[in-house]
């Protein structure tokens, strides 16, 4: 079974995250590192949630990770009203952070915890892009 | 309560403010708030790591998540321009009472420079930090609120500990047994594990009957001093202990999907009350979903982490069981108007007064009301007891 195409809502950047979404529109998945303690910060923000330094910098992440947990949504809401079934998952990135996303380009029933995935960017219109993940080709 | 009890118990130890002749500041939104907090703490010779109490006019939870701290005192009271005076008042009371030691308060608003920020600024009429991280990092992905978040937790719990759909279903079955003795309950007819498994899947692994109701509901309570309570109409139900903790706001920031901050809130409440899980006659544990109730059993220490599934299997949380849970029929079968926590308090109180008729837990002296806010984000545990428990 092939999943339905998902809506691609435009992101809503703010002062802390504009750079992330600008890069996403260029097909780059940025992460933030704390220059004080070295921890990788997710979601991107002004302050390190680990050591509370505000000395942070962007770098390009690998865009690869594994599925930490997931759910197959059977009843979508709002723009997702007609999209079910689709997968909402929490991906653990190679760099450490776990992020919420969709798993796309696959049969929802084939998804499993521990599965390797990689980032894809989808056109959200108006020059913006939304990141999602798909199973890594083996 | 003695107002004089606050005197000399708390002080303001650090301050900062920012403005400029141009009328504009460089930072905005959450970044500006963090800058102010850091400087005020520096003024006091403290760091963010010292903070265990957070106040904010829109969401102390979102601020704490942003800072990466897990406060045990939280206050989002919003009264407009006087909010910050109120926060100082609450914080002083909390500190005097020993709930926390270091409380922060903050304000940042940049209406002038926001005019130049067509996109990306906090913006006029928007909360600090823009639309908020939930709108930015979760809502685009179609996660059902709040069902999907609980599904992610349940999915992880199953993978990590071997918890089964049948075990989760048993919670719904036991809760329905209680509801059958509550004439006010939305659903009173018995159900089986198979009924739960056969009900439509909502967000895997949660079926319709794993989910709470959507109903009208209302409640209220009145509290007074122990001294005053003695002369009133009904037997007093004493607050023996209380504890609160939140460790995230949106589900993708939950540190461990299999463990809630009920570990901390429970430990604090039980510690203050001087009781152990084994002393509890009745648990009112917020059951927005079957997985929610299961996590409470583990995190409050009624069983070991990961053992919630086997623990509920024999129906011990139902009528006649060793740990009566959600005796009103819970959010799963009695009522769930959205913020169900009120009904935990009212049922626990009625049980301790012996007013529950056919569903009365005989000889109940100690009850726990354990609330869960947002998406397993903020847990608050209240230990209640009869006069005999004092």
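Just so you know, all these numbers are worked out from the coordinates, no wet-lab data involved. Since the model is a prediction, treat every value here as computed from it, not as a measurement. In this analysis, Cβ positions are derived from the backbone assuming ideal geometry, glycine residues included, and neighbour counts consider all displayed protein chains.
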Checklist outcome for this item: Note: among A:49, A:79, just one is under 19 Å from residue B:137 (Cβ atoms), within 20 Å of the chain's Cα centre (by Cα) and part of a loop (DSSP other than H, G, I, E, B), namely A:49
Item to check | Residue satisfying all of: in segment A:1-41; assigned to a strand (DSSP E or B) and within 12 Å of chain B (Cβ to nearest Cβ); farthest from residue A:126 (Cα to Cα) among these | outcome: A:34
Checklist entry - Within segment B:303-341, which residues are touching a strand residue (DSSP E or B) at 6+ places or on another chain (Cβ under 9 Å) and not in a loop (DSSP other than H, G, I, E, B)? => result B:312, B:325, B:330, B:331, B:332, B:341
Checklist entry - Taking into account only those residues within segment B:24-51 that are surrounded by 20 or more Cβ atoms within 10 Å (Cβ to Cβ) and outside any helix (DSSP H, G or I), which is farthest from the other protein chains (Cβ to nearest Cβ)? => result B:51
Checklist outcome for this item: Those residues of segment A:52-76 which are under 15 Å from the mean Cα position of the chain (by Cα) and facing chain B (nearest Cβ under 9 Å) amount to A:68, A:69, A:70
Item to check | Within segment A:27-45, tally of residues that are farther than 16 Å from residue B:253 by Cβ and touching a residue at least 12 places away in the same chain (Cβ under 8 Å) | outcome: 9
Checklist entry - Scanning segment B:375-390 for residues that are assigned to a loop (DSSP other than H, G, I, E, B) and under 17 Å from the mean Cα position of the chain (by Cα), which turns out surrounded by the fewest Cβ atoms within 10 Å (Cβ to Cβ)? => result B:377
Next on the checklist: Among the residues that make up segment A:97-105, is at least one of them assigned to a loop (DSSP other than H, G, I, E, B), crowded, with 19+ Cβ neighbours inside 10 Å and at the interface with chain B (Cβ under 7 Å from one of its Cβ atoms)?
Outcome noted: no
